[in-house]
Every structure is written in structure tokens, then in C-alpha cells.
Amino acid sequence: PAPVKPPDGGWGWIVLFGCFVITGFSYAFPKAVSVYFKELMKDFHVGYSDTAWISSIMLAMLYGTGPVCSIMVNQFGCRPVMLIGGLLASSGMILASFTTNIIELYLTAGVLTGLGMALNFQPSLIMLGTYFDKRRPLANGLAAAGSPVFLSSLSPLGQVLLEKFGWRGGFLIMGGLLLNCCTCGAVMRPLDMGMKRKMEKAQDKYEAKEMLPIGGKSEEGISTTDRTKKAKKAKKKPKKGKKLLDFSIFSNRGFIIYTISKFILVLGLFVPPILLVNYAKDTGVPDTEAAFLLSIIGFIDIFARPACGMVAGLKWVRPHVAYLFSFAMLFNGLTDICSARASNYTGLVIFCVFFGISYGMVGALQFEVLMAIVGSQKFSSAIGLVLLIEAFAVLIGPPSAGRLVDALKNYEVIFYLAGSEVVLSALFLAMATYCCLNRGKKKEP
């Protein structure tokens, strides 16, 4: 049967809240774990780069297992996959609290928890797309706000747990918190197909009676319509077979344009927030004030994402949401370039305000644009493939920027490079969308 029309509300708001929580855990958890790094370094006698691999493995699992998640969702549905994911994420952190060396931490906190969060993140976005249509940009913006909200709360919570219970007790409690992913998975009930089928049957019978009002003949008419329907279903059955991963989306020019621009974007997007604290310290800013710069970005980000979702949902903006996304990327890239020469704390605070706005806009629009391009039916396969391609960019971008800083001892060049990559992705998306898609639409009629 054809998909049920999204209700744009009702139970959808519960689904939205579940997506908000899961987005928060998925993006904030790998960063919040860094609170425990100093204690782990002391206990396991390892360096900072060794402990940093825990967060890197988590993010690699979140991005790199995209196609695996897509296959599982297409085979089993969103809810079972999310319940399994919640159990894996929680068990990973609980097992990590009993580890005796850093390799065991990589396997438990890194691989198991990362895979669990990946199995929650993708299906939650897919469910959000099925429950919302008209209000989808707003829903995506509100769900994306989970990332800064959880980041601003999980890091201080982790610090408190570390002081009171040590890193082992902190990991154990964090594992318990991740069981909330199972609750979020449980509320992701699929839209009811049964009601639609009943209505179609009733309509068919009514039409048959209207066409053949004479007693016995009407029954014959109903039986013949039933027979023809059964015959059609029997013919169609052999053709049916669920595609585990739909590669036909690569024939969609819009999807290819989006994927290329997103790859270039991710190369430079995460570099400034990663290097910002060290950059501030090198310019003579005290440690506590340097750390506060990230809090400014997070606070602005909380309000920027829902606000951008509301703007994207406006009637005259929504058909051109790809251009709004490219504007957000351009804004972000120019912010990086302009801030490269910031030499005092005031300049860095101004950069953080504008970066928070532009970063929030990018976060709110990235999945909305993908849903608009491929549609809700192919979104499960599309997001898996996009996240896999992004995984390569995540592994190339920030590490190479770190190596350049070590080699050049100059942050200006890195900010210029990261900003230019983001600007390039914005220009590519806008120009390719205009030339390849919009002109094509004009020629077709």
C-alpha cells in the first residue's frame, strides 16, 4: 500500500522528542567523554592522542556504519533496530567501566557504544521524516537542537560524576543514561497501514454497489472486484523484494550534488571548534576563558537551530531550501576566514557568536535538504550512504589540520584553509543546483 500521509503532529511530537534526545546523545556523547581523558591517561599510562581515539572511534562508527544501519532499517524497521542500538550503546559504556587496558576501552566505549548510537541516530531521523511533512523543517530544526543542549549538560554532568565516583563509576552511570535510547526507540511506532486498507476495501464495495444496485448482481460485482484485486496481487508478488540498500539514488543528480558539497563541507566544518581553545591560549587568553568560548558557541547554537527550522518552513523559503543551506555554509566559511586574524579575546567572542549562528543553521538544514531531494521513501538508503562518504572527510579533515598546526605553528593558515573549503562547498551547491537542476526543470515542460 501507498505510504500513509504524515500527520504533522499528534504522536509525531513524541517522536520528535525521542529524535531530540537521540540526536543529543549521538553528537554530544563522543565530545562529553573527553572529560574523563586525564584520569584514563593516569590509570592506563597512555598519552592524550591514545585516549582521544575513543572519541574518534565513536564518531567513525556513527558515520561509517551508515549503510549497515540502512540495510537493517529496510529489513527490520526502525523500532527494533533502535531498541537493539540502545542496548548496545548502554552495554558498551557499562563494560567499559570494568576494562583494564586502553584496547578494551576502544572495543567497548568506542566500537560497541558508537555502533549502538549509530543504530539509534539514523532510524530516528527516518521516523521524523515519516511523521512530518508540512512542519518538517521546524521538526528537523528542533531535533537538531538536541546536540548543543546535551553537549552543554553532559560535559558538566561528567565532571561531577568523575569527582564523586571516579571514571569507572561515571562510565557506569553514563551507560545507564544511554538506556533512555531504548525508551526513545519504543515510542517510534510505525504509521498505521491497517486503517488505510480498511478504508480502501469499504470504498471498493461502495463503488461496486453504486454501479450494480440490483441485489444478486451487486454481490457478483463485489466478488469480481475482489477476484481481480487478488489476481493483480498474485501477479505483483513475484516482483516484490525489499531492496536492502537502494543504489538507484545515485541516478538522482540532486543527491550527487548534495553528497559532493557535503564532503567538501565536512573537511573544514569541524576544524575551527576543535582548534579554537588552543588558538585562544596561544594568543594569551587564560584557560578558563578559552574554554568558555565553546560554551558561547553551544548557547547560540541552541537557539539558532529551531529558529532556522522555522525560517526554512516558510512557504516562500521552502522550495528554495537548498539555497538557504548554501547561504548558511557561505556564512560559516566567511566567519572562519574573517576570524583568522582575531588577536584578542573580544575578537574571538564575536567570532564565536557568528560561528554559533552559522553552525546552527548548517546543523538544522543538512538533513532537511537531503529529505527534500530524495523523499521519505529513499531517505533510509540516502542517509546511510551520505554518512559513509562523510566518514572519510571526518577522518581526513581535523587530523590533517592538526598536523599542519604542528608543522607551521600558525593557526591563521588553518582557519583560512578551513573557511575556504566551506565557502567552496557553498558555491558548488548553489551553482550546481541552479545550473543542473533548475534549468533542467525549465526545459522539461
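The values are calculated or read from the model by the stated rules, or taken from the named source; none is laboratory data. Model, not experiment: these values are computed from the prediction. As a convention, Cβ positions derive from the backbone with ideal geometry for all residues, glycine included, and neighbour counts pool all protein chains shown. Accessible surface is based on the protein model in full, side chains and every heavy atom, while ligands, DNA and RNA are left aside. Shrake-Rupley method; radii C 1.70, N 1.55, O 1.52, S 1.80 Å.
Take the Cα of ASN344, go 7 Å toward its beta carbon, and none of the backbone nitrogen atoms of the range 281-296 fall under 12 Å from that spot. Ordered from highest to lowest accessible area with the whole protein assembly present and a 1.4 Å probe, GLU368, GLU421, GLU163 read as GLU163, GLU421, GLU368. The length gained on full extension between THR100 and GLN75, counted as 0.36 nm times the residue separation minus their Cα-Cα distance, comes to 5.3 nm. Applying 1/(1 + (r/R0)^6) with R0 = 22 Å to the Cβ-Cβ distance of PHE17 and PHE299 gives a FRET efficiency near 0.55. Ranked by the mean number of other Cβ atoms within 10 Å per residue, highest first, peptides 338-350, 354-366, 268-280, 73-85 order as 354-366, 268-280, 73-85, 338-350. The heavy atoms of ASP406 offer some 100 square angstrom of accessible surface to a 1.4 angstrom probe. In this structure TYR323 has an accessible area near 70 Å², from a 1.4 Å probe over the protein heavy atoms. Peptides 324-331, 397-404, ordered by how many other C-beta atoms sit within 10 Å of their residues on average, highest first, read 324-331, 397-404.
Largest accessible area first, the listed residues ASP246, ASP282, ASP336, ASP43 line up as ASP282, ASP43, ASP246, ASP336 when surface is computed with a 1.4 Å probe on the assembled protein chains. In this structure, the residue pairs whose Cα-Cα separation is over 28 Å, taken from LYS262/LYS315; LYS164/LYS409; LYS38/LYS281; LYS5/LYS315; LYS31/LYS378; LYS38/LYS262, are LYS164/LYS409; LYS31/LYS378; LYS38/LYS262. Each label point was placed 7 Å from the Cα along the Cα-to-Cβ direction; for ASP282 and VAL160 their separation is 3.6 nm. Shown here for the range 258-340: trypsin sites (Lys or Arg not before Pro) in loop regions (DSSP other than H, G, I, E, B) with at most 16 other Cβ atoms within 10 Å, namely LYS315. Ordered by solvent-accessible area of protein heavy atoms (1.4 Å probe), largest first, the residues TRP316, TRP167, TRP53, TRP11 come out as TRP316, TRP53, TRP11, TRP167. With a Förster radius of 41 Å applied to the beta-carbon distance between PHE247 and LEU179, the computed FRET efficiency rounds to 0.70.
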